[in-house]
1. If you go through region 480-522, how many residues are free of Cβ contacts under 8 Å to residues at least 40 places away in the same chain, surrounded by fewer than 16 Cβ atoms within 10 Å (Cβ to Cβ) and either in contact with a Gly (Cβ under 7 Å, 6 or more places away or on another chain) or in a helix (DSSP H, G or I) (or both)?
2. Does region 436-448 hold any residues that are surrounded by 15 or more Cβ atoms within 10 Å (Cβ to Cβ) and either closer than 19 Å to ALA517 by Cα or without any contact (Cβ under 8 Å) to a residue 40 or more places away in the chain (or both), and which are they?
3. Based on this model, can you work out whether LEU406 counts as aliphatic (A, V, I, L, M), open to solvent by less than 50 Å² (accessible area, probe 1.4 Å) and part of a helix (DSSP H, G or I)?
4. Condition first: among the acidic types (Asp, Glu), part of a loop (DSSP other than H, G, I, E, B) and open to solvent by less than 40 Å² (accessible area, probe 1.4 Å). Can you find one or more residues in region 463-470 that meet it?
5. Scan region 227-246 and tell me whether some residue there is under 26 Å from LEU372 (Cα atoms), free of Cβ contacts under 8 Å to residues at least 24 places away in the same chain and within 30 Å of the chain's Cα centre (by Cα).
6. Looking only at helices (runs of 4 or more DSSP H) that fall completely inside region 220-338, which ones have 3 or more residues that are of a type in the set (Gly, Ala, Ser) and at pLDDT 90 or above?
7. Could you list, in sequence order, all residues of region 326-354 that are touching a Pro at 6+ places or on another chain (Cβ under 8 Å) and open to solvent by 30 Å² or more (accessible area, probe 1.4 Å)?
8. Take region 177-209 and flag every residue that is of a type in the set (A, V, I, L, M, F, W, C), open to solvent by 40 Å² or more (accessible area, probe 1.4 Å) and in contact (Cβ under 8 Å) with a residue 24 or more places away in the chain.
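The values are calculated or read from the model by the stated rules, or taken from the named source; none is laboratory data. Just so you know, these numbers come straight off a predicted model, no measurement behind them. Please note: Cβ atoms are built from the backbone with ideal geometry, for glycine as well, and neighbour counts cover all protein chains shown. Heads up: the accessible areas ignore ligands, DNA and RNA and are worked out on the full protein's heavy atoms, side chains in. Shrake-Rupley method; radii C 1.70, N 1.55, O 1.52, S 1.80 Å.
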Amino acid sequence: MTGGGRESEGGEEEVRGARRIPGPRGAADDLDLASVPLPPLPPPGGSAPDEAVPEQSQPASASASGDAPESDAGEPEPDLGPGPAAEAWPEPGPCPEPEPGPEPEPADGHPHPAAPEPEPAAPAAEARPEPGPGPEPADGTPEPPAPDPLVSSAPVVLPHQVLKALLGAWALSACSAEETAAVEDHLTGCAPCADEALRLRDAVGLLHTDGSLDLDPTLRTRVLDGCFGRRPARIPVPEWAAPYDAETARLDALLRDIGDSEWHAPVRLQWFEEERRVSRRTTVAGVIGHLMAVDGLLSAALGLDDPLDGGKAPLDPTERTETYWSATRRPPTRAVREPWRAQSHELIRTASFAGRNVAETSVSYGAFALPLQDAALDRAFECWVHGGDIADAVDYPYPAPSAAHLHRMIDLAARMLPAALAGRRSAGLAGPAKDLVAAGAPGRSLHLEIEGHGGGDWYIALDSPAAVGAPERAVAQVALDGVEFCRLVAGHISPVEAAAGQEGDREAIRDVLFAAASLSRL
């Protein structure tokens, strides 16, 4: 070998991994040599299997015998590595080895010089990888152990594209602690990624909503209002027909969502007759047939076809329903939905084309008659009530009508109360009149206060249907919730259960509450 210490450029690759050649030395303060086991140095002439190892000089005794292999004139100068340049290369001695083993037998058969026994390794050295060799301190005091190189507190350095791809997982809190720290550190200096992260975090908030998945019952009205606001209808639906249009559409949406088997679900219809509650058992399809039969009264008033042959069918709603049910040879199925919906569409279309004059057309119910505008409101009320009956039978959410439509339904019932009260008085079911007045004059009144959804104040004349209710003549007051009042009018709750607040003449309060329940029918 030459004085440079290496035979060729590839010498470093050739000797890498050889057992008896020490590696680059670290600084004196990097390693604790006291914790490193020192195996004996193999004798010269031996080499690791299948590895080319440069020769070293032999001891004097071996050289004198002439058996040692020849070597170059000079000793190889070791690579000092990162240690101080002024340090001399230590005398050949033991070098670190992961697991010392038996010394290989030399090829020439000469014995090797004895090597000192390796020092026992410290317990801490067994838990970490063995470091490379380094110089011992001059005073022999062991240096403190170096920190574990595998543990690092430095943040993870990731490229921009990787961090951008992690924004979705970061927004969902699905990143590891290192990735979260890297992403948040990146967001402080990257405005586009910060904007994207903000949008993703807002989107994640929408994924955890606890709101109902059912559509808002006012959605159809708001969509139509928005459409008509941009482009008004050439022939708009009359205002008095809007509640009927809305309630038939809501009920049709419920029917569209239920399955074939649910059309045969049992439904119990309830109403009041005189002083007691009665009921009738039918199915979902039977309820739709009932609605179609009674809607035929409006069809006949507008000159349309009556599903029960208008000239022969009775006018009383209960009798019409019984006639329709008895004429059906088989239990009605979901096939009844299409003719019912087609009939309601035709009613609304005909009323829209007829204009304002048709609103006052009389619709006979047998025992009484209503103008078409009130009859359409009555049919909207019954459509909502029976829609709720069907929804209860099939476990379907069905909210109340909009406040404006509910207010108009309550107003219709309040206007019908004086006549219903007079009819009960004639039948001996209500107290006698106490203060008769001329038609149109203010008389004794009951203040009906409707609270909540669709609420308002009404004054019900007590002694004569031709009298006018007036605040100054009020002798009693009843407070009711709007939906509860409608349930009372529909016969779904008893008068005793209805009133939330009562004040004044007890007889007047009782007569009005029972008159409201008597408005119900099949």
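1. Qualifying residue count for the region: 3.
2. Initial filter on region 436-448 (surrounded by 15 or more Cβ atoms within 10 Å (Cβ to Cβ)): 437, 442-448.
Once the filter is applied, which keeps residues that are surrounded by 15 or more Cβ atoms within 10 Å (Cβ to Cβ) and either closer than 19 Å to ALA517 by Cα or without any contact (Cβ under 8 Å) to a residue 40 or more places away in the chain (or both), region 436-448 yields VAL437, PRO442, GLY443, SER445, LEU446, HIS447, LEU448.
3. Numbers: aliphatic (A, V, I, L, M): yes; open to solvent by less than 50 Å² (accessible area, probe 1.4 Å): yes; part of a helix (DSSP H, G or I): yes.
When the stated conditions are applied, LEU406 passes them.
4. Step one: of region 463-470, the residues among the acidic types (Asp, Glu) are 463.
Filter again for part of a loop (DSSP other than H, G, I, E, B), leaving 463.
Narrowing further to those that are open to solvent by less than 40 Å² (accessible area, probe 1.4 Å): 463.
Yes, there is a match, as at least one residue in region 463-470 is among the acidic types (Asp, Glu), part of a loop (DSSP other than H, G, I, E, B) and open to solvent by less than 40 Å² (accessible area, probe 1.4 Å).
5. Just the residues of region 227-246 that are under 26 Å from LEU372 (Cα atoms), to begin with: 228, 232-246.
With the extra rule that they be free of Cβ contacts under 8 Å to residues at least 24 places away in the same chain, the set shrinks to 228, 232-234, 239.
When the remaining residues are screened for being within 30 Å of the chain's Cα centre (by Cα), the result is none.
Checked against the condition, which is being under 26 Å from LEU372 (Cα atoms), free of Cβ contacts under 8 Å to residues at least 24 places away in the same chain and within 30 Å of the chain's Cα centre (by Cα), region 227-246 yields no hits at all.
6. Details: elements: 242-257, 284-301, 317-327.
Because the criterion is at least 3 residues that are of a type in the set (Gly, Ala, Ser) and at pLDDT 90 or above, the helices (runs of 4 or more DSSP H) in region 220-338 that meet it are 242-257, 284-301.
7. At the first step, the residues of region 326-354 found to be touching a Pro at 6+ places or on another chain (Cβ under 8 Å) are 339, 343, 351-352.
Hit for region 326-354 is PRO339, nothing else.
8. Step one: list which residues in region 177-209 are of a type in the set (A, V, I, L, M, F, W, C), which gives 177, 181-183, 187, 190-191, 193-194, 197-198, 200, 203-204, 206-207.
Applying the additional criterion that residues be open to solvent by 40 Å² or more (accessible area, probe 1.4 Å) yields 177, 181, 191, 198, 200, 203, 206-207.
Of everything in region 177-209, those that are of a type in the set (A, V, I, L, M, F, W, C), open to solvent by 40 Å² or more (accessible area, probe 1.4 Å) and in contact (Cβ under 8 Å) with a residue 24 or more places away in the chain turn out to be ALA181, LEU200, ALA203.
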